[in-house]
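Participant: Pasting a structure here, questions to come.
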Amino acid sequence: MKEFLETIAKMLVDNKDAVRVTEEETEDGIYLRLSVAEEETGRVIGKDGRIAKAIRTIIRSGAKSRGKQVYVDIE
């Protein structure tokens, strides 16, 4: 999931080197934290958060096959 989220984010931004995804697994599920260059945060979030919602939906769908709950935070 971490690599997949990183791939999606790199497609959306110009500064691909600034994309970072950290993964933390807890009892509740898997937490993925995405950070991009400050000036490109809007590209990842989108108008009214539409892109961010779409990213979360895609990641959650992929995680269902693994039986884990996945949370995506955009920093």
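Every number here is computed from the coordinates shown, using simple stated rules; none is lab data. Keep in mind the model is a prediction, meaning the values are calculated, not measured. Positions of Cβ are backbone-derived with ideal geometry, glycine not excepted, and every protein chain shown enters the neighbour counts.
Participant: Per 0.36 nm of contour for each residue apart, how much would the distance between E6 and D48 grow if the chain were fully extended, relative to their Cα-Cα spacing?
Facilitator: This chain segment gains 13.0 nm when fully extended.
Participant: For the chain, take the longest principal axis of its alpha carbons; what is the angle in degrees between that and the long axis of helix 2-12, to the nearest 10 within 0 to 90?
Facilitator: Roughly 20 degrees, rounded to the nearest 10.
Participant: Residues with beta-carbon under 10 Å from that of R20, excluding R20: net charge, scoring Lys, Arg +1 and Asp, Glu -1?
Facilitator: -2
Participant: Next question, about the same structure. With respect to the cross-link table entries K10/K53; K2/K68; K16/K53; K2/K47, which display a Cα-Cα separation exceeding 19 Å?
Facilitator: K16/K53; K2/K47
Participant: Let me know the charge dipole size of the chain about its Cα centre in debye, to the nearest 20, where only the beta-carbon of Lys, Arg (+1) and Asp, Glu (-1) is charged.
Facilitator: Charge dipole of the chain: 480 debye, to the nearest 20.
Participant: Okay, moving on. Would you mind counting up the charge near M1? Only other residues with Cβ under 13 Å from its Cβ, with Lys and Arg at +1 and Asp and Glu at -1.
Facilitator: Result for the local shell: +2.
Participant: To the nearest 10 degrees, how steeply does helix 50-64 sit against the main Cα axis of the chain, on a 0 to 90 scale?
Facilitator: So the inclination is approximately 30 degrees.
Participant: Please label the shape of region 8-59 as rounded, prolate or oblate, based on the square roots a ≥ b ≥ c of the eigenvalues of the alpha-carbon gyration tensor (a/c under 1.5 means rounded; beyond that, a/b larger than b/c means prolate, else oblate).
Facilitator: Cα axes put region 8-59 in the oblate bin.
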